[in-house]
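Nothing in this text is a laboratory measurement; each read-out follows from the coordinates by a stated rule. Source: prediction; values computed, not measured. Positions of Cβ are backbone-derived with ideal geometry, glycine not excepted, and every protein chain shown enters the neighbour counts.
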Amino acid sequence: MSTQPTLSSPSISARSIATAEAHSAHNYHPLPVVVATADGAWVTDVEGRRYLDMLAGYSALNFGHRNPRLIAAAKAQLDRVTLTSRAFHNDRFADFAAQLAELCGMEMVLPMNTGAEAVETAVKTARKWGYRVKGVPDGQAKIIVADNNFHGRTTTIISFSTDEEARADHGPYTPGFEVVPYGDLAALEAAVDEAGENTVAVLLEPVQGEAGVLVPPPGYLAGVRELTRSRGVLFIADEIQSGLGRTGATFACEQEGVVPDMYVLGKALGGGVVPVSAVVSSREVLGVHRPGEHGSTFGGNPLACAVALEVLDMLRSGEFQQRAEELGEHLHRELKLLPASAVREVRGRGLWAGVDIDPSHGTGREISERLMARGVLVKDTHGSTIRLAPPLCISKEDLDWGLEQLRSVLAG
């Protein structure tokens, strides 16, 4: 735990932010903090102020900043070879593919770099499976998705987004998707049946992170699994944010006893060190790809594989899943005690929560800025919601200190 040192001068941060504003296009709306160093659950800015990171890179930093095991794995690989492209084999790739497939209970892996690339790969795979295995007429494949989804920001992905801020002015949009309400099994069944044999996949987040950590109704994921299996449709689980320990299990789907046909993974798979993503599925599904039909220069590179292998080894111990479960129970107990006048709703699973702020106490952005002033970093979404997703290595003492700052901000 730490307290904030007195700010002597904002000039270094101000200059850095001004330069960034002048020379970088707008995409995110970052909080006005300029991080210089980090360790575990804490970051330090260019003026020496310390902050408790309660966002963890949207779950990319599940194992904390500069986790010693991951840094050691990266440094060791940097001294050997970093990139070969997939034109050649490298000596880390086979173990990475085999061990990730084993962790997922699957057979094959197709590596990429970013989460959006992995989702694009899943979409391409589902369509190709539909045409080559299911016998869907060319160009007629349909994928069912949920409203309030966030699967990335590529042209295809935003084509089925319901977030107009992400979608507007990027048309024409990619066809082949049907959007239904998240958590509504009857609506999903109707959409699957309406498209009939042309339905190739249902693509869902087991917990919707960007939407404000929305958890589906009990039994929903199990119902999706039963529905897709009975209709001969692939169930694709986007576990980029929810997977690899965040919810208290290796995968959020596990908490309903569900195994999808395809996992889409990213973020924490690279340990916050390098971008690593992957699609993991059966031989029947991923086997539809033939040499030259899909690829990535950096996907499966030796440096990424070395770091990801260490991530997989850490997950096999179960330590981080257990921490997320135990600290998550504590987190949600404490959040339930926040004043009802300030908080409209709290949702979440494991060490992950969305807190809807009553407008009388400020917007999500304003609450985030007030927390930043007290040494805690979170991020708002959809106007009134703040997300809490600290590294899974956070201590209970630090977590409690961060929650105390939230209580103080809401009381004020």
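Springs between Cα atoms under 10 Å define the GNM used for the chain, and in it the highest mean-square fluctuation of 237, 191, 36 occurs at 36.
Semi-axes of the equivalent ellipsoid for segment 1-119, please: Cα gyration tensor eigenvalues, times 5, square-rooted, ordered largest first, whole Å. Numbers along the way, then the final one.
Numbers: eigenvalues 254, 67, 47 Å².
Value: 36, 18, 15 Å, ordered largest first.
Each of 34, 410, 213 was scored by the projection of its Cα onto the charge dipole of the chain, and the greatest displacement toward the positive side belongs to 34; charges sit on the C-beta of Lys, Arg, Asp and Glu.
Dipole orientation for segment 80-316: of the candidates 87, 240, 172, 87 has the Cα lying most toward the positive pole (charges on Cβ; Lys, Arg +1; Asp, Glu -1).
The DSSP beta bridges internal to the chain are antiparallel in roughly 65% of cases.
For segment 106-264, the square roots of the Cα gyration tensor eigenvalues, ordered a ≥ b ≥ c, give a/c below 1.5, which places it in the rounded category. Extending 7 Å from Cα along the Cβ direction at residue 337 and again at residue 95 yields two label points whose distance is 4.6 nm. Amide H to amide H distances under 5 Å link residue 46 with 34, 36, where only residues 5 or more positions off or on other chains count and H is placed in the peptide plane. Farthest toward the positive end of the dipole of the chain, out of 68, 98, 150, is the Cα of 68, where the dipole comes from beta carbon charges about the Cα centre. Taking every C-alpha pair closer than 8 Å and separated by at least 6 residues, the mean separation divided by the residue count of segment 259-359 gives a relative contact order of 19 percent. Under 5 Å from the amide H of residue 146 lie the amide H atoms of 180, each residue being 5 or more positions distant or on a separate chain, with H modelled from the backbone and absent for Pro and chain starts.
In this simple spin-label model, placing a label point 7 Å from the Cα along the Cα-to-Cβ direction at both residue 19 and residue 153 gives a separation of 2.2 nm.
Relative contact order of segment 80-316: what whole-number percent is it, with Cα pairs under 8 angstrom and at least 6 residues apart?
Details: 445 pairs, mean separation 73.3, N = 237.
Once normalised by length, the contact order is 31 percent.
Residues whose amide H lies under 5 Å from that of residue 177, counting only those 5 or more places away or on a different chain, are 143; hydrogens are built 1.01 Å from N in the peptide plane.
Averaging sequence separations of C-alpha pairs under 8 Å and six or more residues apart, then dividing by the length of the chain, give the relative contact order as a whole percent.
On the way: 821 pairs, mean separation 94.0, N = 412.
Once normalised by length, the contact order is 23 percent.
When exposed loop sites are taken as chymotrypsin sites (Phe, Trp or Tyr not before Pro) in a DSSP loop with at most 15 other Cβ atoms within 10 Å, the longest stretch of the chain clear of them is 174-412.
Listed values for segment 313-322 are Karplus-derived 3J(HN,Hα) couplings in whole Hz (6.51 cos²θ - 1.76 cosθ + 1.60, θ = phi - 60°), namely 5, 5, 5, 4, 6, x, 4, 6, 4, 5, and x replaces Gly and Pro.
According to the Kirkwood relation over distinct C-alpha pairs, the hydrodynamic radius of the chain is 22.2 Å.
Close Lys pairs in the chain, defined as Cα atoms under 29 Å apart and 8 or more places apart or on different chains, number 14. Extension gain for residue 369-residue 198 works out to 56.8 nm (0.36 nm per residue, less the C-alpha to C-alpha distance).
Using the basic label-point model (7 angstrom from Cα toward the beta carbon), what is the residue 12 to residue 317 distance in nanometres? Distance between the two pseudo-spin positions: 3.4 nm. About its Cα centre, the dipole of segment 80-316 is roughly 780 debye, where the only charges are +1 on Lys and Arg Cβ and -1 on Asp and Glu Cβ. Dipole magnitude for the chain: about 720 debye, using +1 per Lys or Arg Cβ and -1 per Asp or Glu Cβ, origin at the Cα centre.
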